[in-house]
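Bear in mind that the values in this text are calculations on the coordinates, not laboratory data. Please read these numbers as outputs of a predicted model, since none were measured by experiment. Because the Cβ atoms are built from the backbone with ideal geometry, glycine has one as well, and the counts that use them run over all protein chains shown.
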There are 2 protein chains.
Amino acid sequence: MSYQFSDRVQSLKPSAIREIFKYAADPDVVSLSAGNPAPEAFPVKEIAEISNEILKNRPVDALQYSVTEGYPPLREYLTGYMKKEHNIGRSFDSILITSGASQAMDLFTKSILNEGDTVICEAPSFIGSLNTFRSFKAHLCGVPMEPDGMNMDALEKALNEEKNVKFIYTIPNFQNPTGVTMSAEKRRRMYRLAKEHGVLILEDNPYGDLRFEGNHIEAVKSLDEDGIVVYAGTFSKVIAPGIRVGYCIAPKEIIQKMVVCKQGEDVHTTIWSQMVCYEMMAHHDFDAHLRRLKEIYRKKAKVASDALDRFLAPKITYLPIQGGLFFWCTLPDGVNMMDYCKKAVQKKVCVVPGNAFLTDETQPCSSFRINYTTPTDEKLVKGIKILGSIL
Amino acid sequence: MSYQFSDRVQSLKPSAIREIFKYAADPDVVSLSAGNPAPEAFPVKEIAEISNEILKNRPVDALQYSVTEGYPPLREYLTGYMKKEHNIGRSFDSILITSGASQAMDLFTKSILNEGDTVICEAPSFIGSLNTFRSFKAHLCGVPMEPDGMNMDALEKALNEEKNVKFIYTIPNFQNPTGVTMSAEKRRRMYRLAKEHGVLILEDNPYGDLRFEGNHIEAVKSLDEDGIVVYAGTFSKVIAPGIRVGYCIAPKEIIQKMVVCKQGEDVHTTIWSQMVCYEMMAHHDFDAHLRRLKEIYRKKAKVASDALDRFLAPKITYLPIQGGLFFWCTLPDGVNMMDYCKKAVQKKVCVVPGNAFLTDETQPCSSFRINYTTPTDEKLVKGIKILGSIL
């Protein structure tokens, strides 16, 4: 039988970079293409203790159906924590626990976007979110990134010229893929622009707690007195991604619609996972855990940047980072980026070609993304050395 | 700010029965309105042992990101098990692990259905799936249920008359809400009709393993030599629902599209949960567990049906069941069902008004649904006794 798929999935084309990822499974290959957090930062001992206690003393709580909004103690604790630590959340807001932050993008887009509506996003941006927007047939409009975040004049122009703009999508801290952090000034200007144009902001902040250098910059959501910012957070990078727990803080009316959509998607997020996150935050030294984690990332990023300086500079440049998982490297003029990435694969090093992160993959791009947190230090240096040898 | 939601969620209206559910949280209320499996059937000891072993010996496997398709050992084991035990799966099929069976309905609908396309479903049917179809703006066409499944003449008429029918949705075993099981003859006729009309079948089988009486009837998917049946299964009723693990067996091309959609929804299902299911099936006596579970349900259903016979018959009738979680009760002529359910709530017993399960909630309905598996035996009998006192 030949199957006739929906228009929305027919428009989702397999990415040209898929071929390259196939090689990443080869154990001889140094994969710098993942988006995985450092496994040595997982609080394994604590998770095992918590899990043991839950399954011993209150197994039915962890195993029976629960409410779609999320495990009530986690919702309550997180609400207080985000307000206290980040000034996030007002009386008009509510919180929804999601199955990873990706689900927050999916549920929000499903709730708000009609076919053909516009999403303004950073160019380049996270491929997973771009594909989610595409799966609801969004029109994507990319705003060029600068070392301190989106070009605000280009953003203003897009807001003036694009039709049916529903929201601006931003990863303000250590952005995927560029590692760029948006300045406080730009955050405030973006907020004002969105407010003036009656457009929402979807703030995706998976990496904010992974800052190992420089000063914290206030979240866009912390400015939100008007109910125009939808904030997506996650435990994937501060506890572990395999447990699939994220959250969304947004105006109640929006959360209510997202709850209806989540009911149909997965009813609720795995309770065991939600209990692990709650216990980890409320009854363990979560701050100490975050400090330990930042130290791991700081050291590892130093290993990577030293190797980049030694083996890639000055021909291949990269943007310095103060946190997050990625380095964004740019090839010298005249070097074909896709050819370079293919050669790297032949030499058993995988990176992600930069065009994968564009709203239009066919546009020219001379950059590629490196992840430094998944491989061992030894493999990381080996991989970067090989990358340097290709030019 | 006033928010403009997407057309698809604007059409999702809060159900009229929501008011009634509010009362179910009151501890004095006997809730017969849930869809929860019996908590005493959860294999708590085994899950604790498995979890302990995983987090001790291979924590990173359970905590790091994984592949969207599902934990490979579980996929492989389930593929073999379903073929051997149920003759489900052919060389053209593949398997996807989902976050509960609900996600299989969601991903399949997203992959196959354009706005306005028709889904033919049993009337009444599971409200969660109906809302999922509605969230993609399906046109729903209900086919009346009989004590041995859908009326096949009505199904044939619908297939001949409805436009753009994409699939038939069925819960063939111990259907939610009626408890009805479709006969083998009707399964074969439905399959032939679907094949003749070039229409797919979405077979949702959450309760198939909960048969405590009568003989097993082969799954519709076991007939599928043509690649027209999408089968959704789940561990929610045979292990536990809080862990959120379901699966979908369907032609490869369909699974591939669902994988792309799942990537954007939640990347993958919680790994810990998937590992628990795999270990439970592959390295514990899963058959013995299923036998124990059926015994619990058999006893509990007997308590319920004895009470129904004693307190509700002959005025209020019910359909006998051979498995599953629900009894479908019908009021005598002239009794307003919604008034009856409201009176029950005032007397602190919650049931689900039958019209909630219709494709059009405003249609007349004189039935209501009882769940017998969540309350204790004592509460169950007490609740049914009160229901009998209302007339």
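General observations
- Counted residue by residue at 0.36 nm each, then reduced by the alpha carbon distance between them, the extension gain from B:THR317 to B:LYS348 reaches 9.0 nm.
- Global form of segment B:89-205, assessed from the alpha-carbon gyration tensor, a/c cut-off 1.5: rounded
- For segment B:87-196, applying the loop criterion from DSSP together with a ceiling of 16 other beta carbons within 10 Å to the GluC sites (Glu not before Pro) yields B:GLU115, B:GLU162.
- Estimated purely from DSSP H runs of n ≥ 4, each contributing -39500 (n - 2.57), the mean residue ellipticity at 222 nm for the protein assembly as shown is -13000 deg cm²/dmol once divided by its residues.
- The relative contact order of chain B, computed from alpha carbon pairs under 8 Å that lie at least 6 residues apart in sequence, is 25 percent.
- Cα→Cβ-extended label distance, 7 Å offset, between B:ASP287 and B:HIS216, nm: 1.0 nm
- Measuring spread by the Cα atoms of chain B yields a radius of gyration and Dmax of 20.9, 64 Å.
- In this assembly of identical copies, the label point of A:PRO332 (Cα plus 7 Å along Cα-to-Cβ) is separated from its counterparts by 9.5 nm, sorted shortest first.
- Where a label projected 7 Å from the Cα of B:ASN164 along Cα→Cβ would reach, residues of segment B:98-126 with amide N under 20 Å: B:106-121
- Mean per-residue shielding of peptide A:240-251 is 5, counting Cβ atoms of other chains within 10 Å of each Cβ.
- Copy-to-copy label distances for B:LEU319, where each label lies 7 Å from Cα along Cα-to-Cβ, are 5.9 nm in order of increasing length.
- With a Förster radius of 30 Å applied to the beta-carbon distance between A:ILE296 and A:ASP148, the computed FRET efficiency rounds to 0.70.
- A:GLU85-A:ASP377 pseudo-label distance in nm [points 7 Å out on the Cα-to-Cβ vector]: 2.7 nm
- Segment A:58-282: Rg to Rh, with Rh as the Kirkwood radius over Cα pairs: 0.95
- Centre-to-centre, using Cα atoms only, segment A:239-257 and segment B:236-313 are separated by 25 Å.
- Global geometry of segment A:27-73, whether rounded, prolate or oblate, following the gyration tensor of its Cα atoms and the 1.5 cut on a/c: prolate
- Among B:LEU210, B:LEU202, B:LEU63, the largest mean-square fluctuation in a Gaussian network model of chain B, built with springs joining Cα atoms closer than 10 Å, belongs to B:LEU63.
- In nanometers and ordered shortest first, the copy-to-copy spacing of the B:VAL303 label point, defined 7 Å from Cα toward Cβ, is 5.8.
- The label point for B:ASN57 and the one for B:ASP360, both projected 7 Å from the Cα toward the Cβ, are 5.9 nm apart.
- Taking max minus min of the alpha-carbon positions on each principal axis, the protein assembly as shown gives extents of 88, 54, 53 Å, largest first.
- Greater than 26 Å apart at Cα, pairs in A:LYS83/A:LYS195; A:LYS83/A:LYS300; B:LYS84/B:LYS252; B:LYS257/B:LYS294; A:LYS262/B:LYS195: A:LYS83/A:LYS300; B:LYS257/B:LYS294; A:LYS262/B:LYS195
- Distance from the A-onto-B rotation axis is smallest for the Cβ of the chain A residue given, in whole Å, as A:THR270, 2.
- Cα gyration tensor shape of segment B:254-375, rounded if a/c is under 1.5, else prolate or oblate by comparing a/b with b/c: oblate
- Separation between Cα centres of segment A:85-133 and segment A:201-231, rounded to whole Å: 13 Å
- Förster radius 25 Å - calculated FRET efficiency between B:ASP26 and B:LEU391, Cβ distance, rounded to 0.05: 0.60
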